[in-house]
Amino acid sequence: GQNIDQPTEMTATEGAIVQINCTYQTSGFNGLFWYQQHAGEAPTFLSYNVLDGLEEKGRFSSFLSRSKGYSYLLLKELQMKDSASYLCAVRDNYGQNFVFGPGTRLSVLP
Amino acid sequence: SQTIHQWPATLVQPVGSPLSLECTVEGTSNPNLYWYRQAAGRGLQLLFYSVGIGQISSEVPQNLSASRPQDRQFILSSKKLLLSDSGFYLCAWSPSPGQGADTQYFGPGTRLTVL
(Lines give C-alpha, C1' and ligand atoms only; values in the text may rest on other atoms or scores of the structure.)
Protein backbone atom coordinates (compact mmCIF):
# COMPACT_ATOMS: atom_id res chain seq x y z
CA GLY A 1 0.00 0.00 0.00
CA GLN A 2 0.86 3.66 -0.14
CA ASN A 3 1.15 5.80 2.98
CA ILE A 4 2.74 9.20 3.47
CA ASP A 5 2.68 11.00 6.82
CA GLN A 6 3.34 14.63 7.68
CA PRO A 7 2.47 16.77 10.70
CA THR A 8 -0.84 18.53 10.17
CA GLU A 9 0.18 21.98 11.38
CA MET A 10 3.30 23.83 12.48
CA THR A 11 3.95 27.34 13.73
CA ALA A 12 7.21 29.27 13.61
CA THR A 13 8.48 32.82 14.02
CA GLU A 14 9.65 35.13 11.27
CA GLY A 15 13.42 34.81 10.79
CA ALA A 16 13.58 31.38 12.41
CA ILE A 17 14.30 27.93 10.93
CA VAL A 18 11.65 25.21 10.64
CA GLN A 19 11.92 21.54 9.66
CA ILE A 20 8.92 19.72 8.19
CA ASN A 21 9.18 15.95 8.32
CA CYS A 22 7.72 13.38 5.94
CA THR A 23 7.73 9.60 6.31
CA TYR A 24 6.61 7.28 3.57
CA GLN A 25 5.80 3.65 2.93
CA THR A 26 5.20 3.02 -0.76
CA SER A 27 5.29 0.01 -3.03
CA GLY A 28 7.90 1.67 -5.24
CA PHE A 29 10.16 4.70 -5.14
CA ASN A 30 11.54 6.90 -7.88
CA GLY A 31 11.93 10.26 -6.22
CA LEU A 32 10.51 12.43 -3.46
CA PHE A 33 9.11 15.89 -4.11
CA TRP A 34 8.18 18.88 -2.00
CA TYR A 35 5.57 21.40 -3.10
CA GLN A 36 4.34 24.65 -1.62
CA GLN A 37 0.66 25.52 -1.80
CA HIS A 38 -0.78 28.86 -0.73
CA ALA A 39 -4.44 28.90 0.24
CA GLY A 40 -6.70 28.73 -2.80
CA GLU A 41 -3.83 28.28 -5.23
CA ALA A 42 -2.21 25.37 -7.07
CA PRO A 43 0.91 23.65 -5.67
CA THR A 44 4.28 24.84 -6.92
CA PHE A 45 7.41 22.72 -7.07
CA LEU A 46 10.08 23.32 -4.43
CA SER A 47 12.55 20.45 -4.45
CA TYR A 48 13.31 16.93 -5.58
CA ASN A 49 15.43 14.13 -4.05
CA VAL A 50 16.11 10.75 -5.61
CA LEU A 51 19.40 9.92 -3.87
CA ASP A 52 20.16 10.04 -0.16
CA GLY A 53 21.42 13.32 1.17
CA LEU A 54 20.72 17.02 1.24
CA GLU A 55 19.65 19.21 -1.68
CA GLU A 56 19.94 22.95 -1.11
CA LYS A 57 18.09 25.66 -3.04
CA GLY A 58 18.48 29.05 -1.47
CA ARG A 59 16.51 29.29 1.77
CA PHE A 60 15.00 25.83 1.21
CA SER A 61 16.77 22.48 1.64
CA SER A 62 15.43 18.95 1.41
CA PHE A 63 16.90 15.77 2.84
CA LEU A 64 16.22 12.14 1.95
CA SER A 65 17.01 8.81 3.60
CA ARG A 66 15.64 6.00 1.45
CA SER A 67 16.53 3.26 3.95
CA LYS A 68 14.45 5.01 6.61
CA GLY A 69 11.64 6.15 4.30
CA TYR A 70 12.18 9.66 5.59
CA SER A 71 12.55 13.15 4.24
CA TYR A 72 12.46 16.66 5.61
CA LEU A 73 12.11 20.14 4.20
CA LEU A 74 14.15 22.81 5.95
CA LEU A 75 13.13 26.43 5.63
CA LYS A 76 15.60 29.07 6.82
CA GLU A 77 15.16 32.78 7.51
CA LEU A 78 11.41 32.40 7.54
CA GLN A 79 9.32 35.13 5.96
CA MET A 80 5.63 35.86 6.36
CA LYS A 81 5.07 34.79 2.74
CA ASP A 82 6.27 31.27 3.66
CA SER A 83 2.93 30.72 5.43
CA ALA A 84 1.45 27.96 3.28
CA SER A 85 0.85 24.23 3.11
CA TYR A 86 3.83 22.05 2.25
CA LEU A 87 3.12 18.81 0.42
CA CYS A 88 5.39 15.78 0.34
CA ALA A 89 4.95 13.43 -2.64
CA VAL A 90 6.55 10.17 -3.76
CA ARG A 91 6.79 9.03 -7.36
CA ASP A 92 6.47 5.33 -8.08
CA ASN A 93 8.97 3.08 -9.83
CA TYR A 94 7.52 3.63 -13.26
CA GLY A 95 7.60 7.39 -12.96
CA GLN A 96 3.94 7.76 -13.80
CA ASN A 97 2.19 7.98 -10.49
CA PHE A 98 2.67 10.52 -7.70
CA VAL A 99 1.34 9.84 -4.20
CA PHE A 100 0.82 12.92 -2.03
CA GLY A 101 0.88 13.28 1.72
CA PRO A 102 -1.85 15.25 3.53
CA GLY A 103 0.28 18.40 3.68
CA THR A 104 1.62 20.45 6.58
CA ARG A 105 0.09 23.87 7.17
CA LEU A 106 2.83 26.25 8.29
CA SER A 107 1.98 29.53 9.96
CA VAL A 108 4.76 32.11 10.25
CA LEU A 109 4.16 34.61 13.02
CA PRO A 110 5.73 38.07 13.37
CA SER B 1 8.12 27.31 -22.36
CA GLN B 2 5.36 25.04 -21.20
CA THR B 3 2.04 26.25 -19.86
CA ILE B 4 -1.03 24.47 -18.56
CA HIS B 5 -4.55 25.84 -18.69
CA GLN B 6 -7.71 24.82 -16.89
CA TRP B 7 -11.23 26.08 -17.17
CA PRO B 8 -13.49 27.15 -15.78
CA ALA B 9 -11.80 28.67 -12.73
CA THR B 10 -14.92 28.35 -10.58
CA LEU B 11 -18.15 26.43 -11.03
CA VAL B 12 -21.36 26.06 -9.04
CA GLN B 13 -23.54 23.15 -10.10
CA PRO B 14 -26.70 21.51 -8.71
CA VAL B 15 -26.68 17.89 -7.55
CA GLY B 16 -27.41 15.52 -10.43
CA SER B 17 -26.15 17.85 -13.13
CA PRO B 18 -23.35 16.88 -15.56
CA LEU B 19 -19.76 18.11 -15.39
CA SER B 20 -17.02 18.79 -17.87
CA LEU B 21 -13.66 20.27 -16.88
CA GLU B 22 -10.99 20.83 -19.45
CA CYS B 23 -7.22 20.96 -19.22
CA THR B 24 -4.75 21.72 -22.00
CA VAL B 25 -0.97 21.84 -22.05
CA GLU B 26 1.18 23.88 -24.42
CA GLY B 27 4.86 23.71 -25.29
CA THR B 28 5.45 20.00 -24.83
CA SER B 29 4.49 16.73 -26.46
CA ASN B 30 3.41 13.35 -25.11
CA PRO B 31 3.14 14.56 -21.51
CA ASN B 32 1.79 12.45 -18.67
CA LEU B 33 -1.46 14.08 -17.53
CA TYR B 34 -3.17 13.91 -14.14
CA TRP B 35 -6.44 14.90 -12.48
CA TYR B 36 -6.43 15.48 -8.71
CA ARG B 37 -9.13 16.52 -6.28
CA GLN B 38 -8.48 18.38 -3.06
CA ALA B 39 -11.25 18.66 -0.49
CA ALA B 40 -11.15 21.67 1.84
CA GLY B 41 -8.13 21.43 4.16
CA ARG B 42 -7.12 18.04 2.78
CA GLY B 43 -4.33 16.59 0.66
CA LEU B 44 -4.38 15.81 -3.05
CA GLN B 45 -6.29 12.74 -4.14
CA LEU B 46 -5.23 11.33 -7.50
CA LEU B 47 -8.30 10.62 -9.64
CA PHE B 48 -6.92 9.73 -13.07
CA TYR B 49 -3.67 9.74 -14.96
CA SER B 50 -2.84 9.24 -18.61
CA VAL B 51 0.39 8.33 -20.37
CA GLY B 52 -0.97 8.79 -23.88
CA ILE B 53 -4.01 9.45 -26.09
CA GLY B 54 -6.88 7.20 -25.09
CA GLN B 55 -4.91 5.69 -22.18
CA ILE B 56 -6.56 6.42 -18.84
CA SER B 57 -5.80 4.87 -15.45
CA SER B 58 -8.36 5.33 -12.69
CA GLU B 59 -7.16 5.45 -9.13
CA VAL B 60 -10.45 5.85 -7.29
CA PRO B 61 -13.77 4.27 -8.36
CA GLN B 62 -16.47 6.95 -8.39
CA ASN B 63 -18.95 8.70 -10.61
CA LEU B 64 -16.22 10.60 -12.50
CA SER B 65 -14.56 9.70 -15.78
CA ALA B 66 -11.67 11.10 -17.79
CA SER B 67 -10.79 11.21 -21.45
CA ARG B 68 -7.78 12.25 -23.49
CA PRO B 69 -8.98 12.94 -27.02
CA GLN B 70 -5.77 14.72 -28.04
CA ASP B 71 -2.17 14.53 -26.90
CA ARG B 72 -2.32 17.68 -24.80
CA GLN B 73 -5.97 17.71 -23.79
CA PHE B 74 -7.40 16.05 -20.71
CA ILE B 75 -11.08 16.18 -19.77
CA LEU B 76 -12.79 15.28 -16.50
CA SER B 77 -16.49 14.46 -16.69
CA SER B 78 -19.45 13.31 -14.71
CA LYS B 79 -22.97 12.41 -15.77
CA LYS B 80 -24.51 13.19 -12.37
CA LEU B 81 -22.73 15.21 -9.71
CA LEU B 82 -22.92 14.36 -6.01
CA LEU B 83 -22.52 16.72 -3.07
CA SER B 84 -19.28 14.92 -2.22
CA ASP B 85 -17.83 15.96 -5.59
CA SER B 86 -17.29 19.49 -4.31
CA GLY B 87 -13.62 20.43 -4.12
CA PHE B 88 -10.64 21.95 -5.84
CA TYR B 89 -9.80 20.08 -9.05
CA LEU B 90 -6.24 20.28 -10.25
CA CYS B 91 -4.82 19.16 -13.57
CA ALA B 92 -1.09 18.48 -13.77
CA TRP B 93 1.43 17.36 -16.34
CA SER B 94 4.86 15.81 -16.16
CA PRO B 95 7.34 14.93 -18.89
CA SER B 96 7.19 11.31 -19.95
CA PRO B 97 10.19 9.34 -18.58
CA GLY B 98 13.45 10.49 -20.09
CA GLN B 99 11.94 13.64 -21.54
CA GLY B 100 12.99 16.27 -19.05
CA ALA B 101 12.80 17.65 -15.52
CA ASP B 102 11.44 15.30 -12.92
CA THR B 103 8.42 16.97 -11.44
CA GLN B 104 4.77 17.72 -11.96
CA TYR B 105 3.45 21.10 -12.99
CA PHE B 106 -0.01 22.09 -11.88
CA GLY B 107 -2.68 24.12 -13.58
CA PRO B 108 -4.49 26.93 -11.74
CA GLY B 109 -7.33 24.65 -10.66
CA THR B 110 -11.13 24.66 -10.80
CA ARG B 111 -13.10 25.24 -7.63
CA LEU B 112 -16.31 23.20 -7.89
CA THR B 113 -19.23 23.65 -5.51
CA VAL B 114 -22.11 21.21 -5.77
CA LEU B 115 -25.32 22.42 -4.14
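Listed values, structure above:
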| quantity | calculated |
| --- | --- |
| Counted residues, the stretch A:51-110 - those being β-branched (Val, Ile, Thr) and either more than 19 Å from residue A:6 (Cβ to Cβ) or more than 14 Å from chain B (Cβ to nearest Cβ) (or both) | 1 |
| Positions within the stretch A:1-45 being of a type in the set (A, V, I, L, M) and either open to solvent by 50 Å² or more (accessible area, probe 1.4 Å) or closer than 15 Å to residue A:108 by Cβ (or both), in sequence order | A:10, A:12, A:16, A:17, A:18, A:20, A:39 |
| Selection status of residue B:57, touching a strand residue (DSSP E or B) at 6+ places or on another chain (Cβ under 6 Å), more than 14 Å from chain A (Cβ to nearest Cβ), in a strand (DSSP E or B) and surrounded by fewer than 17 Cβ atoms within 10 Å (Cβ to Cβ) | no |
| Within the stretch A:1-41, strands (runs of 3 or more DSSP E) holding 2 or more residues that are in contact with a Phe, Trp or Tyr (Cβ under 9 Å, 6 or more places away or on another chain) and not β-branched (Val, Ile, Thr) | A:3-5, A:18-25, A:32-37 |
| Evaluation of residue A:54 against (1) at pLDDT below 95; (2) exposed (fewer than 14 other Cβ atoms within 10 Å of the Cβ) (one fails), failing number | (1) |
| The stretch B:41-54, subset open to solvent by 30 Å² or more (accessible area, probe 1.4 Å) and closer than 19 Å to residue B:19 by Cα, residue nearest to the other protein chains (Cβ to nearest Cβ) | B:49 |
| Close pairs from the stretch A:87-110: first among the aromatic types (Phe, Trp, Tyr) and at pLDDT 95 or above, partner in a strand (DSSP E or B) and surrounded by 21 or more Cβ atoms within 10 Å (Cβ to Cβ), Cβ under 6 Å, at least 6 apart | none |
| The stretch B:88-113, subset at pLDDT 95 or above and more than 10 Å from chain A (Cβ to nearest Cβ), residue most open to solvent (accessible area, probe 1.4 Å) | B:113 |
| Among (1) within 27 Å of residue B:109 (Cα to Cα); (2) touching a Phe, Trp or Tyr at 6+ places or on another chain (Cβ under 7 Å); (3) in a strand (DSSP E or B), the one test that residue A:96 misses | (3) |
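Rundown of residues vs (1) open to solvent by 70 Å² or more (accessible area, probe 1.4 Å); (2) within 17 Å of residue B:74 (Cα to Cα), yes/no style:
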| site | (1), (2) |
| --- | --- |
| B:8 | no, yes |
| B:11 | no, no |
| B:29 | yes, yes |
| B:33 | no, yes |
| B:39 | no, no |
| B:62 | no, no |
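The values are calculated or read from the model by the stated rules, or taken from the named source; none is laboratory data. All of these numbers come straight from a predicted model, not from anything done at the bench. Here the Cβ is made from the backbone with ideal geometry for all residues, glycine too, and neighbour counts use every protein chain on show. Surface areas here come from the heavy atoms of the whole protein model, side chains and all, with no ligands, DNA or RNA. Shrake-Rupley method; radii C 1.70, N 1.55, O 1.52, S 1.80 Å.
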